[in-house]
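Written below as structure tokens is the structure these notes are about.
The values are calculated or read from the model by the stated rules, or taken from the named source; none is laboratory data. Keep in mind it's a predicted model, so treat the numbers as computed, not measured. Please note: Cβ atoms are built from the backbone with ideal geometry, for glycine as well, and neighbour counts cover all protein chains shown. Please note that ligands, DNA and RNA were not included when accessible areas were found on the heavy atoms of the full protein model with its side chains. Shrake-Rupley method; radii C 1.70, N 1.55, O 1.52, S 1.80 Å.
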Amino acid sequence: MLSFIAIVLLLFLIPGPAVIITITQTLKSGKKNGVFTALGIGLGDLVHTLAAVLGLSAILMKSATAFEIVKYIGVAYLVYLGIQMLLTKPQKIEQPTVEQSPASTSFRQGFLAEILNPKTALFFLAFLPQFVQHNGQSITVQLLILGITFVVMSALYTILLAIVTSFIGEKIFTKTTNNGSRWIEKAVGFVYIGLGVKLALQTQSR
């Protein structure tokens, strides 16, 4: 378990889609929305964990068609979010955005972005079994413990990331003008589209 925790902490140092989405949502809509985005991502990871334990993720590994279907649904969703950001009317950062972008929306976006990434499913399927011990204990229970440990660590990390990002963002963008706000909205949009393109280029073997 200690080896597992150490490797997971090292993995957190490599920025992935979850990190990027959490940061962009926090900068766009504030700390609360960033935290709810992190929670949505955590729920998505939990679903992937349960799927891996039940063997459902194996379908994505063995079936190229299933992999492509899930992948392009994820691509379409990320690109949709990006275009939506590009078309959003600019607002000042200091203005309340909860009504325009409720926390439930950030939660849903984080969850869907994570659950529709087939590479995440394959990651859990390939990563978790490497730490299973053949010592008579139930493999299913071991996989669940490892998976839940990862989900909790990941959620805590992304929540902390949202809090830190919010603190830095408030210091930098408190006096943001309309032009600055427009730049942030566009940047967030391009980030989502970039993630969609990256996902579209992924294959089962990578």
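Identify, please: which residue in the stretch 58-71 is open to solvent by 20 Å² or more (accessible area, probe 1.4 Å), in a helix (DSSP H, G or I) and modelled with pLDDT under 75 and is, among those, nearest to residue 102 (Cα to Cα)?
Step by step, filter the stretch 58-71, then rank; the result is 70.
Which condition does residue 109 not pass, out of (1) assigned to a helix (DSSP H, G or I); (2) open to solvent by 50 Å² or more (accessible area, probe 1.4 Å), if it passes all the others?
Going through (1) assigned to a helix (DSSP H, G or I); (2) open to solvent by 50 Å² or more (accessible area, probe 1.4 Å) one by one, residue 109 breaks only (2).
Against the condition modelled with pLDDT of 85 or more, touching a helix residue (DSSP H, G or I) at 6+ places or on another chain (Cβ under 8 Å), open to solvent by less than 50 Å² (accessible area, probe 1.4 Å) and closer than 27 Å to residue 144 by Cα, how does residue 42 come out, does it pass?
yes
Going residue by residue through the stretch 84-96, is there one that turns out to be at pLDDT below 75, of a type in the set (S, T, N, Q), surrounded by fewer than 17 Cβ atoms within 10 Å (Cβ to Cβ) and not in a helix (DSSP H, G or I)?
Checked against the condition, which is being at pLDDT below 75, of a type in the set (S, T, N, Q), surrounded by fewer than 17 Cβ atoms within 10 Å (Cβ to Cβ) and not in a helix (DSSP H, G or I), the stretch 84-96 yields at least one hit.
Cβ contacts < 6 Å: first residue touching a residue at least 24 places away in the same chain (Cβ under 8 Å), restricted to the stretch 147-160; second residue surrounded by fewer than 20 Cβ atoms within 10 Å (Cβ to Cβ) and assigned to a helix (DSSP H, G or I), any location; separation 6+ or different chain. Result?
Short answer, once both residue conditions are applied: 150/8; 153/8.
Being among the small types (Gly, Ala, Ser) and assigned to a helix (DSSP H, G or I) is the filter here, so list the residues in the stretch 20-44 that pass it.
Hits for the stretch 20-44 are 29, 34, 38, 40, 42, 44.
Determine the pairs where a residue that is of a type in the set (A, V, I, L, M, F, W, C), located within the stretch 105-122, has a partner that is open to solvent by less than 20 Å² (accessible area, probe 1.4 Å) and part of a helix (DSSP H, G or I) with Cβ atoms under 6 Å apart, the partner being 6 or more residues away or on another chain.
Matching pairs, first to second residue: 107/40; 111/40; 111/44; 113/21; 115/44; 116/74; 121/48.
Are any residues in the stretch 10-23 within 16 Å of the chain's Cα centre (by Cα) and surrounded by fewer than 24 Cβ atoms within 10 Å (Cβ to Cβ), and if so, which ones?
Result: 11, 12, 13, 14, 15, 16, 17, 19, 20, 23.
What about residue 55, is it modelled with pLDDT of 85 or more and open to solvent by less than 40 Å² (accessible area, probe 1.4 Å)?
Spelling it out, it is not the case that residue 55 is modelled with pLDDT of 85 or more and open to solvent by less than 40 Å² (accessible area, probe 1.4 Å).
I'd like to check something: does the stretch 36-46 contain any residue that is on the phi > 0 side of the Ramachandran plot and of a type outside the set (Lys, Arg)?
no
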